[in-house]
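Novice: Before I ask anything, here is the structure I am working with.
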Amino acid sequence: MTTTENDLGWLDDITMSQLERNPYPVYERLRAEAPLAYVPVLGSYVASTAELCREIATSPDFEAVITPAGGRTFGHPAIIGVNGDVHADLRGMVEPQLQPVEVDRWVDDLVRPIARRYVEAFENDGRAELVAQYAEPVSVRSLGDLLGLTDVSSDTLRDWFARLNRSFTNAAMTADGEFANPEGFLDADRAKEEIKAAVDPLIDRWITEPADTAISHWLHDGMPPGKTRDREYIYPTIYVYLLGAMQEPGHGIASTLVGLFGEPEQFEQVVDDPALIPRAIAEGMRWTSPIWSATARITTTDVHLAGVDLPKGTPVIQSYGSANHDTGLYEAPTRFDLHRPPLPHLAFGAGRHACAGIYYANHVMRIALEELFEAIPNMERDTSAEVEFWGWGFRGPTALPVTWEV
Amino acid sequence: MTSTAPTFGAALGDRTVPCGPDQPLLDAFLRAGVWMPNSCNQGTCGTCKLRVVRGDVDHRDSPADTLTAAERAAGLALACQARPRSDLTLALDGPAAAAGRTAHPLRDLVGTVVELADIARDTRRLRIALPEPLAFDAGQYVELTVPGSGVRRQYSLANTADVDKVLELHVRLVPGGAATAGWIFDSLGVDDEIEVTGPFGDFVLDDAEGPMVMIGGGTGLAPLVGLARTALARDPGREIHLYHGVRGAADLYDGDAMAELAARYSGFRFVPVLSHEPDPDHRSGLPTDAFVEDVPSARGWSGWLCGPPAMVDAGVKAFKRRRMAPRLIHRENFTPAC
């Protein structure tokens, strides 16, 4: 008699550093052998196929939960890990600025000058490292200005998301259900102290003098006259922004570029015809999904799914980066192909907790690539080194050196 | 083109135009004065791709690599190839949505040959007087119908838009070509009637104001002459570099006219370049290489390319190498006629 436990013994050997270096082989095997499986090092069930991820994201038998390391990093109530009235209030707080008609009103004026400024800084150098000099700065500066953090430098914002990231994805658990590396959270604790030291005075000011910044709107919108939301109530969601929303458009820009560099003909097509940029970004987000495995759901009742019994209260980590490589949906998914049939992907999640910033993020990435190709249409990847990707929770290239004739 | 009874209505934006069952959608819209992006008019460039929101089309000769099976399944069609099978509602995606603006209507006219002159090796200038003016923009092209065969060939206009009653075309002999060896270089003579359909194409001036570089291969010079004269009329101080690439000095023409232009406009520069038969009086090599040698940076410039596909491809690469913004690179996409 075979048992699932015996067949899946290899799951015990998975390590965090293996997943962070390259999660694809493990998840390819999971999709084939156990699309819904308990992965010991994560201390959690994991959903790895497109069908399961979509079903779980939209099922009434699941609701959101933050991963343990995520909860330890952000605290409560973070928008990605709450449900019911609190979730409705937080979505109602962040969504007005992110509606397409609203984003259309300001996104070009916000992002294009920032993108131009960063590209002008290196366009005559003949070489650049696009992750640190372009993708990340354009991403953090745009959102930083939108939030009202105009006086916080782009390098500080990049430093904050990197430290929050390492804490959020410090996911390894012991067999006893304890954090395997509790000291891995301490640096983000210090980062949060820095964040509060910078943001508290702004909040103090916006409480008495509302401004047209996102955080000021979060304090005031929908509140009775003279009342504001408590800052401790919105800080976890500020951290959500300072990590994911700051970091991921940068990851998306860089991953799309790496994908295009790997397909020189497609690179030429996109440079020659900027109208193809949105399609290239959609494929880049599928090919290397920035939020690879950072969100989770929990059962609200006993559930039988994919041959597995999940008692009420069982968390499942959603592996969208894996779902977007599901061979049931995508032919040769490891290949970046701008021209593949434009099927929907799960890079922005699905259901009630689908990313609130989809429209904004897509435009940030589009404008960044438009300005880059406009200024430097002759760039080439510096092929003296391979591009390295890193990350299991969040994933993207660690560096992208390019050269061009000035 | 032979007229067919308009039997279907094709709607784009707030305009609905009649379209015959054997009439390409593009032809129907342009004929009614409704602009939509179009370029090669032979199904190979994909510029006129649109979405069939409602109704059914026959894709006819749409090539599989311009319009993939997946695109067909997703409801896309090439306007220059597709014929209606029912009333249609159409939409343009993306930045092409500027379409629907009024353009010069597509016309069928019968003109008269008033000049047919040998101007260079295997090259003729053909002037056609029209019975009435044809509205067009400099850089566009027309189609001529070879008598008796129904074969249609595309030739760029060398005219500026104010010279609208006598069209000027530059024609290169193609050995065995139905329109050239079989007609324009054979039986055609002055005073002959000639069927002209036009204007077509998107190879026209834009709003950019910086310096311009134009590279024409052989008779690809024709539309560039019209574009350069038009740009100089708008802004006499405009910096324009016009490269004419040919095999040998015997292929050069209009040198005097270009010299006159250069004498009149200090920003205009004409550079003939010989690829195969060098002589001491001219630059040698490829015109695209000459540009790269001459211009250290084309940031902020616009570029114009008309000639054989290999030259156009090399031109795009050369322009980008000198960092011209790709959106400012313009190409005539139709393959030179034979």
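Novice: Considering only residues that are closer than 20 Å to A:ILE317 by Cβ and surrounded by fewer than 19 Cβ atoms within 10 Å (Cβ to Cβ), which ones fall in the stretch A:185-205?
Specialist: Residue satisfying the conditions is A:PHE185 alone.
Matching residues to (1) in a strand (DSSP E or B); (2) of a type in the set (Ser, Thr, Tyr); (3) out of contact with any Pro (no Cβ under 8 Å at 6 or more places or on another chain); (4) at pLDDT 95 or above:
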| residue | (1), (2), (3), (4) |
| --- | --- |
| B:ALA97 | no, no, yes, no |
| B:PRO105 | no, no, yes, no |
| B:VAL114 | yes, no, yes, yes |
| B:ASP118 | yes, no, yes, yes |
| B:ARG124 | yes, no, yes, yes |
| B:PRO131 | no, no, yes, yes |
| B:VAL142 | yes, no, no, yes |
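Novice: Name the one entry in B:ALA161, B:ALA129 that is of a type in the set (A, V, I, L, M) and open to solvent by 40 Å² or more (accessible area, probe 1.4 Å).
Specialist: Criteria check complete, one pass: B:ALA161.
Novice: Every residue in the stretch A:132-163 that is assigned to a helix (DSSP H, G or I) and open to solvent by 20 Å² or more (accessible area, probe 1.4 Å), please.
Specialist: Correct list: A:ALA132, A:GLN133, A:GLU136, A:ASP145, A:LEU146, A:ASP155, A:THR156, A:ARG158, A:ASP159, A:ALA162, A:ARG163.
Novice: Within the stretch B:211-224, track down each residue that is open to solvent by 10 Å² or more (accessible area, probe 1.4 Å) and farther than 21 Å from B:MET324 by Cα.
Specialist: B:GLY218, B:THR219
Novice: Specify which of the listed residues (B:ASP294, B:ASP279, B:ASP251) is open to solvent by less than 60 Å² (accessible area, probe 1.4 Å), away from every other protein chain (no Cβ under 13 Å) and touching a residue at least 60 places away in the same chain (Cβ under 8 Å).
Specialist: B:ASP251
Novice: If I go through the stretch B:299-317 residue by residue, how many of them are at the interface with another protein chain (Cβ under 10 Å from one of its Cβ atoms) and open to solvent by less than 50 Å² (accessible area, probe 1.4 Å)?
Specialist: Residues that pass the stated criteria total 1.
Novice: I'd like the residue in the stretch A:380-394 that is outside any loop (DSSP other than H, G, I, E, B) and open to solvent by 30 Å² or more (accessible area, probe 1.4 Å) and, out of all such residues, is nearest to B:LYS317 (Cα to Cα).
Specialist: So the residue we want is A:GLU380.
Novice: Do the conditions hold for A:ILE358, that is, is it open to solvent by 30 Å² or more (accessible area, probe 1.4 Å) and touching a Phe, Trp or Tyr at 6+ places or on another chain (Cβ under 8 Å)?
Specialist: Answer is yes for this residue.
Novice: Also: Select from the stretch B:325-334 the residues that are within 11 Å of chain A (Cβ to nearest Cβ) and in contact (Cβ under 8 Å) with a residue 40 or more places away in the chain and list them in ascending order.
Specialist: Answer for the stretch B:325-334, where residues must be within 11 Å of chain A (Cβ to nearest Cβ) and in contact (Cβ under 8 Å) with a residue 40 or more places away in the chain: B:LEU328, B:ARG331.
Novice: Being surrounded by 14 or more Cβ atoms within 10 Å (Cβ to Cβ), within 14 Å of chain A (Cβ to nearest Cβ) and at negative phi is the requirement here; does B:VAL246 meet it?
Specialist: no
Novice: Could you check B:ILE215 against (1) out of contact with any Pro (no Cβ under 6 Å at 6 or more places or on another chain); (2) closer than 26 Å to B:VAL292 by Cβ and say which number it fails?
Specialist: So B:ILE215 meets the others, but not (1).
Novice: Among (1) in contact with a Pro (Cβ under 8 Å, 6 or more places away or on another chain); (2) in a helix (DSSP H, G or I), which single condition is A:ASP187 missing?
Specialist: (1)
Novice: How about the stretch B:272-293: which of its residues are among the acidic types (Asp, Glu) and farther than 24 Å from B:ARG323 by Cα?
Specialist: If the condition is that a residue be among the acidic types (Asp, Glu) and farther than 24 Å from B:ARG323 by Cα, then B:GLU277, B:ASP279, B:ASP281 are the ones that fit.
Quick grid of which residues meet (1) farther than 24 Å from A:TYR320 by Cα; (2) modelled with pLDDT of 95 or more:
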site: A:LEU260; (1), (2): no, yes
site: A:GLU265; (1), (2): yes, yes
site: A:ILE277; (1), (2): no, no
site: A:ALA282; (1), (2): no, no
site: A:THR288; (1), (2): no, yes
site: A:THR301; (1), (2): no, yes
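Novice: Moving on. Looking at A:PRO377, A:PRO397 in this structure, which one is open to solvent by less than 10 Å² (accessible area, probe 1.4 Å), modelled with pLDDT of 95 or more and more than 28 Å from A:ALA294 (Cβ to Cβ)?
Specialist: The conditions single out A:PRO377.
Novice: Listed residues B:PRO175, B:PRO199; which is more than 27 Å from B:ASP256 (Cα to Cα) and without any contact (Cβ under 8 Å) to a residue 40 or more places away in the chain?
Specialist: Answer to the check: B:PRO175.
Novice: Moving to a separate point now. Output yes when any residue across the stretch A:33-40 is free of Cβ contacts under 8 Å to residues at least 24 places away in the same chain, over 17 Å from the mean Cα position of the chain (by Cα), farther than 21 Å from A:ALA354 by Cβ and surrounded by fewer than 15 Cβ atoms within 10 Å (Cβ to Cβ), and no when none is.
Specialist: No, there is no match, as no residue in the stretch A:33-40 is free of Cβ contacts under 8 Å to residues at least 24 places away in the same chain, over 17 Å from the mean Cα position of the chain (by Cα), farther than 21 Å from A:ALA354 by Cβ and surrounded by fewer than 15 Cβ atoms within 10 Å (Cβ to Cβ).
Novice: Step by step: first the residues of the stretch B:40-78, then only those that are touching a Ser or Thr at 6+ places or on another chain (Cβ under 6 Å) and part of a strand (DSSP E or B), then the one that is farthest from the other protein chains (Cβ to nearest Cβ). Which residue is that?
Specialist: Selected residue: B:ARG54.
The values are calculated or read from the model by the stated rules, or taken from the named source; none is laboratory data. Being a predicted model, the structure only gives us computed values, none of them experimental. Heads up, the Cβs are rebuilt from the backbone with ideal geometry, glycines too, and the neighbour counts pull from every protein chain shown. Side chains are part of the model used for accessible areas, which takes the heavy atoms of the whole protein and leaves out ligands, DNA and RNA. Shrake-Rupley method; radii C 1.70, N 1.55, O 1.52, S 1.80 Å.
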